[in-house]
Protein chains: 4
Amino acid sequence: MKNRILLDSATLDLLRLQLTNWEVTPQALKRLYVFSNFSEAWAFMNRVALLAEKHDHHPNWSNVYNRVEITLFTHDRGGVTELDAYMAAEIERMAFGK
Amino acid sequence: MKNRILLDSATLDLLRLQLTNWEVTPQALKRLYVFSNFSEAWAFMNRVALLAEKHDHHPNWSNVYNRVEITLFTHDRGGVTELDAYMAAEIERMAFGK
Amino acid sequence: MKNRILLDSATLDLLRLQLTNWEVTPQALKRLYVFSNFSEAWAFMNRVALLAEKHDHHPNWSNVYNRVEITLFTHDRGGVTELDAYMAAEIERMAFGK
Amino acid sequence: MKNRILLDSATLDLLRLQLTNWEVTPQALKRLYVFSNFSEAWAFMNRVALLAEKHDHHPNWSNVYNRVEITLFTHDRGGVTELDAYMAAEIERMAFGK
């Protein structure tokens, strides 16, 4: 699940079942995480940064104190790809310290 | 210049002369930085993170790849304070590797 | 417990009971953490970095992949101070995602 | 220059000419960087962390305040490989804000 291939609507439906806390549309995967404080949010963001650089696929994200909002999509494909789905699953894992 | 005191309009005028690349309004200080790549953007963001935690004053910021947009204001004062002005000057310095 | 005052031997004895996984001597507090991978180790190190900068008290530490070894002491006091004890307790907490 | 192939002595000699501030031996590449403060050291370390995770090749490194000592070698080859040489050149570039 790491290719830059746009997901079809059946796969997006499946993804909705897995990424229950994410907003899943053909255009983007989106999730807001709320941590206890900035320190925890920043630790999480550093893990996401390592992941993003590893796959040369960087999120559109924002932060204020304990809140991190992440949006994933593949710019040059114009929507959500397998790589975005892979990264969302990894990010979800990391947010819970796994 | 580190107190949480709202800046008056004369001080904001002065600030406009110093922070030439920032958008300066009574509500917020705002600046977009564009780096060469994610690695440089992330190094910069880590310096800002240390600064923010040190002063317990965290920016509202977003990033995508080499772009970092930073907005500073003091939530519980409802606008720009001395602390925001101090942080903007520090951030500007850090963005240029000083 | 944040002053740069050397701990007496009675306090060090008490500290040994609290910091059970740390090596506690009058000269330094020392602990090796082993995580699952670099990503987890690096997230932890980022939290410690924020803490260190906040208190202007930086550890002597090393890392290789999932291992982080931290040594705390107060250089200009020549040994372990209250600030080191405070930081060790904070670091211990952070290592377990609290 | 990214393979995990041990460098021969002729290549090591060449490397000594390029990495003038590094200690180059068949066993390891080693360099101490001294920055102005922790903030600059930490920004640099974050760039190295991204690089290391990207290539799944992590340095043996230590830090105290503004000092960062980095040792590179390929554990399962028992010495310096092309990948280490590549990373040392990248790290050198990053240390000077490029």
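Contact-buried residues of region B:39-54, at a threshold of 30 Å² lost accessible area versus the chain by itself: B:SER39, B:GLU40, B:TRP42, B:ALA43, B:ASN46, B:ARG47, B:ALA49, B:LEU50, B:GLU53, B:LYS54 (1.4 Å probe; DNA, RNA and ligands ignored). In a simple Cβ point-charge model (Lys, Arg +1; Asp, Glu -1; nothing else charged), chain B has a dipole of about 180 debye relative to its Cα centre. Helix D:38-54 and the longest principal axis of the Cα set of chain D meet at an angle near 40°. Couplings 3J(HN,Hα) of region A:15-27, computed from phi: 4, 4, 6, 7, 9, 5, 9, 9, 8, 10, 10, x, 7 Hz, in residue order, whole Hz [Karplus 6.51 cos²θ - 1.76 cosθ + 1.60, θ = phi - 60°; x for Gly and Pro]. A quarter of the convex hull surface defined by the alpha-carbon atoms of the protein assembly as shown gives 22.2 nm² as the mean projection. Between chain D and chain B, roughly 900 Å² of accessible surface gets buried, counting both sides and using a 1.4 Å probe. Against chain C, whose longest principal axis comes from its Cα atoms, helix C:82-95 is set at around 20 degrees. Shown for C:LEU6: label points 7 Å from Cα along the beta-carbon vector, and their distances to the equivalent points in the other copies, 5.0, 5.2, 7.1 nm in ascending order. The residue of chain B whose Cβ sits closest to the rotation axis that maps B onto A, together with that distance in whole Å, is B:SER62, 2.
Using the beta-carbon distance between A:VAL34 and C:LEU17 and R0 = 51 Å, what value does 1/(1 + (r/R0)^6) give for FRET efficiency, to the nearest 0.05? Efficiency at R0 = 51 Å is approximately 0.90.
Proximity of backbone amide H atoms, modeled 1.01 Å from N, is registered between C:ILE5 and C:GLU82, C:LEU83 at under 5 Å, excluding neighbours fewer than 5 places apart on the same chain. Overall shape: oblate for region C:12-55, with the ratio a/c of the largest to smallest alpha carbon gyration tensor axis at 1.5 or above and b/c at least equal to a/b. For chain D, applying the loop criterion from DSSP together with a ceiling of 16 other beta carbons within 10 Å to the chymotrypsin sites (Phe, Trp or Tyr not before Pro) yields D:PHE96. Ligands, DNA and RNA left out, the accessible area of the protein assembly as shown computed with a 1.4 Å probe is 50% carbon and sulfur. With unit charges on the beta carbon (Lys/Arg positive, Asp/Glu negative), name the residue among A:ASN66, A:VAL48, A:THR11 whose Cα is farthest towards the positive pole of the charge dipole of chain A. With unit charges placed on the Cβ atoms, the residue in question is A:ASN66.
Pairs from the list A:LYS2/C:LYS54; B:LYS30/C:LYS2; C:LYS30/C:LYS54 with a Cα-Cα gap above 28 Å: A:LYS2/C:LYS54; B:LYS30/C:LYS2.
Here the spin labels are modelled as points 7 Å beyond Cα on the Cα-Cβ line, and at C:SER9 and A:ARG77 they lie 6.7 nm apart. For the protein assembly as shown, the mean residue ellipticity at 222 nm estimated from helices alone is -13500 deg cm²/dmol, where every DSSP H run of n ≥ 4 contributes -39500 (n - 2.57) and the total is divided by all residues, rounded to the nearest 500.
Computed over the Cα atoms, what is the radius of gyration of chain D divided by 2.2 N^0.38 Å, N being its residue count?
1.03
I'd like to check one number: the per residue accessible area of chain D, probe 1.4 Å, reported in Å² as a whole number.
Details: 4530 Å² over 98 residues.
Using a 1.4 Å probe on heavy atoms only, each residue of chain D averages 46 Å².
The values are calculated or read from the model by the stated rules, or taken from the named source; none is laboratory data. Just so you know, these numbers come straight off a predicted model, no measurement behind them. With ideal geometry, Cβ positions are generated from the backbone for all residues, glycine too; neighbour counts draw on all protein chains shown. To get the accessible areas, we keep the full protein, side chains included, count just its heavy atoms, and leave off ligands, DNA and RNA. Shrake-Rupley method; radii C 1.70, N 1.55, O 1.52, S 1.80 Å.
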